[in-house]
Amino acid sequence: MNVELEYLKHCDLQEYKFLLDDALGTDVSLACMQAKYQEDHPYLKTVVAKKDLEMIGTITFALIDTFTGTGDPKIEFSNFAVATAARGTETAMLLMNFVVDYAHENGYQSIVVNCGINAERAHRFYEKMGFVRVEAARFVLGV
């Protein structure tokens, strides 16, 4: 499988929206994405996987560098998605390995993901990649 990875470009946002809608079952607002997306963001990176110029996967990761010494520099990822037709291929592993390599090359100590409690397929994938499940309480405040 000849898959190429590259950083998301503003001109690819419509195709990116279709990928997220397909893979995650969402209906993301293209106008909102276009208004908020920033190429070369210093702390937020989005990588896409393309096969024959078609976008088939993506992962977004945030670089979290604390300055107090109370937490290690870490990466947290989200919007990890593979198109329905590309599932079961090496696409997810290529995207995850990109983030792991980025972490090693740039001095990050850990990679974190929040995942739905019932997303067993995702859980198995993360464990296969070496992630360890930790018990945590998650709190959200809508404002």
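No lab work stands behind these numbers, since they all come straight from the coordinates. All values reported here derive from a predicted model rather than from experimental measurement. Note that each Cβ is placed from the backbone with ideal geometry, even for glycine, and that neighbours are counted across all protein chains shown.
Bridges between two residues of the chain, per DSSP, are antiparallel at a rate of about 85%. With the charge dipole of the chain set up from +1 on Lys and Arg Cβ and -1 on Asp and Glu Cβ about the Cα centre, the Cα lying farthest toward the positive end among the listed residues F139, I75, S110 is that of F139. Semi-axes of the equivalent ellipsoid for the chain, computed as √(5λ) from the eigenvalues of its C-alpha gyration tensor and ordered from largest down, come to 24, 19, 17 Å.
So what is log10(I(q)/I(0)) for the range 45-104 at q = 0.18, 0.21, 0.30 1/Å, when the Debye sum runs over its Cα atoms only? With one equal scatterer per Cα and no solvent, log10 I(q)/I(0) is -0.64, -0.79, -1.26. The dipole here belongs to the range 1-101: it is taken about the Cα centre, uses +1 on the Cβ of Lys and Arg and -1 on the Cβ of Asp and Glu, and is about 140 debye. Based on alpha-carbon centroids, what's the gap between the range 75-109 and the range 38-61 in Å, whole number please? Cα centroid to Cα centroid, the span is 10 Å.
Relative contact order for the chain: what is it in percent, counting Cα pairs under 8 Å that are at least 6 residues apart?
Working: 181 pairs, mean separation 28.6, N = 143.
Here the relative contact order equals 20 percent.
Between F139 and T84, the contour length at 0.36 nm per residue exceeds the Cα-Cα span by 16.7 nm.
Using 0.36 nm per residue of separation minus the Cα-Cα distance, give me the extension gain between K128 and V113 in nm, one decimal.
So the chain would gain 4.0 nm between K128 and V113.
Ranked by the mean number of other Cβ atoms within 10 Å of their residues, highest first, the peptides 130-137, 15-22, 117-124, 85-92 come out as 15-22, 85-92, 117-124, 130-137. Report the calculated FRET efficiency for M33 and D65 (r = Cβ-Cβ distance, R0 = 22 Å), to the nearest 0.05. After rounding to 0.05, the efficiency reads 0.30. Computed from the Cβ-Cβ distance with R0 of 30 Å, the FRET efficiency linking H10 to R121 stands at 0.40. A straight chain from D72 to E105 at 0.36 nm per residue would run longer than the Cα-Cα distance by 10.4 nm.
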